[in-house]
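K.L.:
What follows is a single structure, and I will ask about it in a moment.
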Amino acid sequence: MKKNRNVGIIGVGQSVYSSHREDVNQPELIHEAVVAALDDAGITMDDVDCVVHGNMELFEMVHQPDCWHVLGTGAYGKEAFRVTTGGTTGTTVACAADNLVASGLHDVVLAIGFEKLQEGHTTGGITNMADPLWGRQLQTGALTGIAAQDLIEEFGEERAKKVAMQYRIIMDQHAMLNKYAHRRFGLEFDQAAELAETSPPLVGELRMIHMCSQSDGACAIIVASEDKVKAWGKNAAWIRDHITVHREETFTIWGGDKEVGTMRYAAEKLFARNGITDPRKEIDVFEMYDPSAWWGVEWIKEFLLLEGDEHLKMIENGEISRDGSLPINPSGGVIASNPIGATALVRVAEAANQVRGTAGKHQLKKEIKQALASGFGGTLWSVLFLLTKEITW
């Protein structure tokens, strides 16, 4: 993607993620992430031109919450935008921030995603978006057993269940090193068989242990133009490209032939226009939006353009673990922390941290030159980000 100006991420801030953050209100929660991002970038709000704010307002049921949140965002008197695009909100916020700087409209933009789910009703918000008759099969919201069913039918029940639990345990082992993560259980591989049978069932073969949580939390990133980055001498993760794919025709209750999913479609387009021919070798880390272990397994195949059972072998061989050839979600992923309006932004933020070498205890040992981050939500739509350590284009 040719840009008018190059844009880099120079600051990342996150709150602690938890099922209940009763110690703070919404502006205070956001303030935690904003202050951390400003400190990381080494700048103040005086240096910020514009603020982009995103969350799922249906969940907290507060109309135009960004107006209240100026107490925590620092947006008072500045240009501001509010974004809501379902589960992809966080990545859409990042896209908007990048575009605002790349266009030349602003030099420095603060992008914020947040959710305080204890103060609303997530399932009520999701299910009320669908017609109760024609959309009745969508009334489970994000809970679906389709991915599990598809994997079991294609690869057999024993192997599919084993791989899904192996994926889940790898994510938990990653989360154990992330001080911000919500769910850190200390799972071990010898618990896999027991967990697969004893964890409470949700839908079909989807069990509680496979599924992401509901979390309270906020994430903020600061993006700046190349001129600003160089003038300030900042450590940046450069936004090389991003793509958003909407394919609502794939969202059907009638069945029929399987269409190319938005994950594979986005990856094909993004890789082709950036000269990536072998993502498994050319991408150093992937922060993937994985709402459940079953979806995580399936989407590795789609995003990395794999065929057959290559994705299963990657998991079975430990290739997606911290020390593997292509680590996936060293932060623990969505299964570990899910403040929905921030969740996809956390993927971009964590990928940027890996590129910048600022991820803390869950920083990977190898040098990260190129990172991938994804967002997912709404009517099966996907956003995909490509970040780099150097400007090479």
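K.L.:
Do we find that Gly145 is at pLDDT below 90, over 18 Å from the mean Cα position of the chain (by Cα) and under 30 Å from Gln26 (Cα atoms) in this structure? Break it down stepwise before answering.
P.N.:
Details: at pLDDT below 90: yes; over 18 Å from the mean Cα position of the chain (by Cα): yes; under 30 Å from Gln26 (Cα atoms): no.
Answer is no for this residue.
K.L.:
Just need a number here: residues in the stretch 122-137 that are open to solvent by 60 Å² or more (accessible area, probe 1.4 Å) and either modelled with pLDDT of 70 or more or among the hydrophobic types (A, V, I, L, M, F, W, C) (or both). Quick ask: steps written out before the conclusion?
P.N.:
First, the residues of the stretch 122-137 that are open to solvent by 60 Å² or more (accessible area, probe 1.4 Å): 123, 128-129, 131-134, 136-137.
Now narrow it down to the ones that are either modelled with pLDDT of 70 or more or among the hydrophobic types (A, V, I, L, M, F, W, C) (or both): 129, 133-134.
Looking only at that region, the number is 3.
K.L.:
Is there any pair linking a residue in the stretch 1-23 that is farther than 15 Å from Lys116 by Cβ to one that is among the aromatic types (Phe, Trp, Tyr), with Cβ under 9 Å and at least six apart or on different chains, and which?
P.N.:
These pairs meet every condition: Lys2/Trp393; Asn6/Trp238; Asn6/Trp393; Val7/Trp238; Gly8/Trp238; Ile9/Trp238; Ile10/Trp232.
K.L.:
Checking the conditions here, which among Leu312, Leu380, Leu386, Leu306 is open to solvent by less than 10 Å² (accessible area, probe 1.4 Å) and either within 23 Å of Ile222 (Cβ to Cβ) or touching a Ser or Thr at 6+ places or on another chain (Cβ under 7 Å) (or both)? Walk me through how you get there before you give the answer.
P.N.:
On the way: Leu312 fails: either within 23 Å of Ile222 (Cβ to Cβ) or touching a Ser or Thr at 6+ places or on another chain (Cβ under 7 Å) (or both); Leu380 fails: open to solvent by less than 10 Å² (accessible area, probe 1.4 Å); Leu306 fails: either within 23 Å of Ile222 (Cβ to Cβ) or touching a Ser or Thr at 6+ places or on another chain (Cβ under 7 Å) (or both).
That would be Leu386, the only listed residue that is open to solvent by less than 10 Å² (accessible area, probe 1.4 Å) and either within 23 Å of Ile222 (Cβ to Cβ) or touching a Ser or Thr at 6+ places or on another chain (Cβ under 7 Å) (or both).
K.L.:
Just for helices (runs of 4 or more DSSP H) wholly inside the stretch 3-97: which have at least 1 residues that are within 18 Å of Val334 (Cβ to Cβ) and of a type outside the set (Gly, Ala, Ser)? Walk me through it before giving the result.
P.N.:
Numbers: elements: 26-41, 57-60, 65-73.
Of the helices (runs of 4 or more DSSP H) lying wholly inside the stretch 3-97, those with at least 1 residues that are within 18 Å of Val334 (Cβ to Cβ) and of a type outside the set (Gly, Ala, Ser) span 57-60.
K.L.:
Take the conditions modelled with pLDDT of 90 or more and within 28 Å of Glu115 (Cβ to Cβ) and apply them to Asp227. Does it pass? Give the steps one after another, and end with the answer.
P.N.:
Working: modelled with pLDDT of 90 or more: yes; within 28 Å of Glu115 (Cβ to Cβ): no.
No, not satisfied.
K.L.:
Let me ask you something else. Go through the residues of the stretch 354-373 one by one and say whether even a single one is under 23 Å from Val297 (Cα atoms), in contact (Cβ under 8 Å) with a residue 24 or more places away in the chain, open to solvent by 10 Å² or more (accessible area, probe 1.4 Å) and hydroxyl-bearing (Ser, Thr, Tyr).
P.N.:
Checking the stretch 354-373: not a single residue is under 23 Å from Val297 (Cα atoms), in contact (Cβ under 8 Å) with a residue 24 or more places away in the chain, open to solvent by 10 Å² or more (accessible area, probe 1.4 Å) and hydroxyl-bearing (Ser, Thr, Tyr).
For (1) buried (at least 23 other Cβ atoms within 10 Å of the Cβ); (2) farther than 26 Å from Glu153 by Cα; (3) without any contact (Cβ under 8 Å) to a residue 12 or more places away in the chain, each residue gets a yes or a no:
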{"residue": "Val285", "(1), (2), (3)": "yes, yes, no"}
{"residue": "Trp294", "(1), (2), (3)": "yes, no, no"}
{"residue": "Gly318", "(1), (2), (3)": "no, no, no"}
{"residue": "Ser325", "(1), (2), (3)": "no, yes, no"}
{"residue": "Ile328", "(1), (2), (3)": "yes, no, no"}
{"residue": "Gly332", "(1), (2), (3)": "yes, yes, no"}
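K.L.:
Kindly indicate whether any position in the stretch 310-318 is touching a strand residue (DSSP E or B) at 6+ places or on another chain (Cβ under 7 Å) and either among the aliphatic types (A, V, I, L, M) or at pLDDT below 95 (or both). So that I can check it myself, show each step before the final result.
P.N.:
Within the stretch 310-318, the subset touching a strand residue (DSSP E or B) at 6+ places or on another chain (Cβ under 7 Å) is none.
Looking for residues that are touching a strand residue (DSSP E or B) at 6+ places or on another chain (Cβ under 7 Å) and either among the aliphatic types (A, V, I, L, M) or at pLDDT below 95 (or both), one finds none in the stretch 310-318, hence no.
K.L.:
Spot the failing condition for Pro291; the list is (1) in contact with a strand residue (DSSP E or B) (Cβ under 6 Å, 6 or more places away or on another chain); (2) at pLDDT below 95; (3) under 30 Å from Thr73 (Cβ atoms); (4) not β-branched (Val, Ile, Thr), and only one is missed.
P.N.:
(1)
The values are calculated or read from the model by the stated rules, or taken from the named source; none is laboratory data. This one's a predicted model, so the numbers in the text were calculated from it and none came from an experiment. Counting neighbours? That spans all protein chains shown, and the Cβs are built from the backbone with ideal geometry, glycine included. All accessible areas refer to the heavy atoms of the entire protein, side chains included, with ligands and DNA or RNA removed. Shrake-Rupley method; radii C 1.70, N 1.55, O 1.52, S 1.80 Å.
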